[in-house]
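Undergrad: Pasting in a structure now, in structure tokens, and then I'll have a few things to ask.
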Amino acid sequence: MNDHYDSRETQGREERERALFEQLPEVIAVALASPGWRQHLGKIDAKEITSRAALADLPVLRKSALPALQKAAPPFGGFSVVPVPQLGRLFTSPGPIYEGEMASGDEWRYARVLFAAGFRPGDIVLNCFSYHMTPGGFILDSGARALGCPVIPAGPGHSEQVVEVIAHLRPVAYCGTPDFLKILLDKAEELGRDVSSLRKASVSGAAFPPSLQAEVKARGIDAYQAYATADLGGIAYETEAHEGLVLNEDIILEILRPGTGDPVAEGEVGEIAVTLIDRHRPLIRFALGDMTALLPGVSACGRSNQRIKGWMGRADQTAKVRGMFVRPEQIAEIAKRHPEVKRLRLVIGRAQEQDTVVLKAETASASAALQKALAETAAGITNLRCDVALCATGGLPNDGKVIADERPLS
């Protein structure tokens, strides 16, 4: 694959930077028409925000703050510039965080991401991201259809049924978490079903370590990683060069020192903050809580935009597991519903190329009934199935940590 989605991908960096900051004042002016952004940004002159230095003087909006802001001012905390009746879909993601979608065209900017992964018009795409409540499935769906690809809206789970669909409809491409791709391949082998039509994949939402990459490749599938969120859609994507992730267009990326609004030096690890050049969905210095670093130079694939190393951990305790975010507030809600529990800790690990989740609970009233009740409550609040391990009072460290992500970074 040596071609590109469009000419924007190979434009000069100075040309791209100039175009982004020429559009930024108008986008900020649109944002200031909403009460949430107006209160957050304060008294500023949008026409003066025409450089990275000027942008860096604006306050950061942290994604972790959205649940409280939206609860105080439903439905979107006053940050939406599109009236609710004009939206096509309304979503909720864990937190909870609420999002809206115009439901027109490729508004999540994902066709470019899929093109870089080798998807081409006419390819049948098996989309295994969730269509239930969250925007994930629709983000990939709209990008694939904008590219001219028919989509099988499979969603996650029901692996045996999905394997039968693959064998019958013969999709060429897969979208979903890398974990579920392995589950499908293993299930097909178990059932003796032919899923060899799958030859390419765009994966996101979970770790894709080298061992799993090698296994997927050995089974005849070229898989490319992507970095995306429910608020922004496609942010960065892997190309055939396999050298980090190339930044999507219409995005101004900053890498900030965690807990501050200060950009770090190039190459230093910090928190991702995105300013989105989108008049329907303006986001200004939106800090995602994910850590990464910029890579120097230009990708060997010819795309000229900045590159990031990929996901390098969280700036806070929020973790992404099996394609879903889990937040400290959710663990607090579980504890609130079970007063017999003194302290909780969600431990995330990795075993047999899949994420593992164990909810550890301190209690003086250990029982099988409590164990079952905690598992049910956790599933209802986090949308994650997890094992529950009970321990005596004092059995967990008193360090304030409620989510421990113990997965290796590579």
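Read-outs: derived from the displayed coordinates by stated rules, not from any lab. Just so you know, these numbers come straight off a predicted model, no measurement behind them. No Cβ is skipped: glycine too gets one built from the backbone with ideal geometry, and neighbour counts run over all protein chains shown.
Undergrad: Return the single residue from PRO328, PRO210, PRO94 with maximal mean-square fluctuation; model: Gaussian network over the chain, springs between Cα atoms under 10 Å.
TA: Taking springs between Cα atoms under 10 Å, the residue moving most is PRO210.
Undergrad: Determine the calculated [θ] at 222 nm for the chain from helices alone, applying -39500 (n - 2.57) to every DSSP H run no shorter than 4 residues and normalising by the residue count; nearest 500 deg cm²/dmol. Let's see the in-between values first.
TA: Details: 11 runs with 115 residues, N = 410.
Using -39500 (n - 2.57) per qualifying helix, the result is -8500 deg cm²/dmol.
Undergrad: List the relative contact order of region 321-405 as a percent without decimals, with contacts defined as Cα pairs under 8 Å and 6+ residues apart. Before the final figure, lay out each step's value.
TA: Values: 132 pairs, mean separation 29.4, N = 85.
In percent, rounded to a whole number, it is 35.
Undergrad: So what does the Cα-only Debye profile of region 193-312 read at q = 0.10 Å⁻¹, as log10 I(q)/I(0), no solvent term?
TA: Evaluating at q = 0.10 Å⁻¹ gives log10 I(q)/I(0) of -0.34.
Undergrad: Ranking request for peptides 42-52, 338-348, 155-165, 240-250: highest mean number of other beta-carbon atoms within 10 Å first, then the rest in descending order.
TA: Highest-to-lowest ranking by the protection proxy: 240-250, 338-348, 155-165, 42-52.
Undergrad: OK, next. Pairs of alpha-carbon atoms within less than 8 angstrom and 6+ residues apart define the contacts here; what relative contact order does region 6-77 have, in percent?
TA: Computed over region 6-77, the figure is 24 percent.
Undergrad: Would you compute, for the Cα atoms of region 321-405, the largest minus smallest coordinate along each principal axis and list the three values in descending order, in whole Å?
TA: The principal-axis extents, from largest down, are 34, 25, 24 Å.
Undergrad: Among DSSP bridges having both ends in region 161-255, what percentage is antiparallel? Round to the nearest 5.
TA: Among the beta bridges of region 161-255, antiparallel pairing accounts for roughly 45 percent.
Undergrad: Sticking with this one: Based on Cβ point charges of +1 for Lys and Arg and -1 for Asp and Glu, what charge dipole magnitude is obtained for region 1-151 about its Cα centre, in debye rounded to the nearest 20?
TA: Details: 16 positive and 17 negative charges, 93 e Å.
That gives region 1-151 a dipole magnitude of about 440 debye.
Undergrad: Calculate, in nm to one decimal, what LYS401 and ALA214 gain on full extension: separation in residues at 0.36 nm each, minus their alpha carbon distance.
TA: Values: separation 187, 0.36 × 187 = 67.32 nm, distance 3.39 nm.
Roughly 63.9 nm would be gained on extension.
Undergrad: Measure up LYS336/LYS372; LYS71/LYS372; LYS71/LYS182 against 28 Å on the Cα-Cα distance and list the ones that go over. If you can, show how the numbers build up before the last one.
TA: Numbers: LYS336/LYS372 16 Å; LYS71/LYS372 30 Å; LYS71/LYS182 38 Å.
Correct reply: LYS71/LYS372; LYS71/LYS182.
Undergrad: Considering just Cα atoms, how many Å³ per residue does the convex hull of the chain enclose?
TA: Cα convex hull per residue, to the nearest whole number: 145 Å³.
Undergrad: Once the dipole of the chain is set up with Lys and Arg at +1 and Asp and Glu at -1 on Cβ about the Cα centre, which of PRO258, GLN306, GLY395 lies farthest towards its positive end?
TA: Looking along the dipole axis, the top candidate is GLY395.
Undergrad: Roughly what % antiparallel, to the nearest 5, for the DSSP beta bridges in the chain?
TA: Bridges in the chain are about 65 percent antiparallel.
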